[in-house]
Every structure is written in structure tokens, then in C-alpha cells.
Amino acid sequence: MNDYWNDPPEELEPPDCSACGEIMNIQEDGSCICVRCGFILQPPEDPMLEELKDMEEIYDAPPPPTQCPHGQPWAECNDCMIAGDQAYDSKRENGK
């Protein structure tokens with residue numbers, strides 16, 4: 001059992017520069033920059049972020065249609081209003 005609240009992990013130390021061996025400064029975006037030679041080390045990309053972006057594109061719902069099947073705006077189509085009233089009355093009469 002790991003009692004991490006009794007022994008919290010220490011903060012990570014900045015890595016050494018692979019070009020000159022100097023300790024690098026960690027930036028807010030997670031990248032590291034060497035103060036001596038200017039070498040930049042980018043953090044690894046998270047593969048889960050790419051999967052989530054792909055899933056968002058797949059599951060985005062299309063916008064609702066602005067016109068009824070008869071080609072008129074929804075609130076102005078007489079045929080759709082009559083069909084809706086008939087469906088409502090039928091459902092109410094059947095008790096469902």
C-alpha cells in the first residue's frame with residue numbers, strides 16, 4: 001500500500017541539456033530551454049488528445065434542419081402543423 005499523503009512525491013528536477021550538459025529551465029508550456037546553448041526540448045505529445053479530437057469530429061451532431069420536408073420554415077408549414085396536431089390527438093386518445 002502506498003501512503004502518498006504521508007510521503008508525497010518530490011517535484012521533478014529539470015533535465016540536463018543533451019547538447020551541452022547544462023541544467024535546463026522549464027517553461028510554463030512544459031518545454032525546457034537550455035540557458036547556455038538555447039537547445040529546446042519539447043514535451044511528448046499525449047496520444048489520448050489525438051484520439052479525443054478524432055472522437056469529437058465523429059460524434060458532432062449535425063445542425064437541426066431549418067426547413068421542413070416540404071421546403072418551408074417549420075412554423076409556417078400548414079401541412080406539418082396538421083400532421084403534428086393529428087399525431088398529438090391520436091396519442092392523447094390512445095392514452096399513451
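A few points about this structure:
- First in the range 27-55 and outside the structural domain of Pro15 (by TED's automatic domain parsing), second anywhere and of a type in the set (Gly, Ala, Ser) and assigned to a strand (DSSP E or B), Cβ under 7 Å, 6 or more apart: none
- In the set Met48, Met55, only one residue is in a helix (DSSP H, G or I), surrounded by 10 or more Cβ atoms within 10 Å (Cβ to Cβ) and of a type in the set (A, V, I, L, M); that residue is Met55.
The values are calculated or read from the model by the stated rules, or taken from the named source; none is laboratory data. Computed from a predicted model, the values in this text were never measured in an experiment. When we count neighbours, we look across all protein chains shown, and the Cβ atoms used for this are built from the backbone with ideal geometry, even at glycine.
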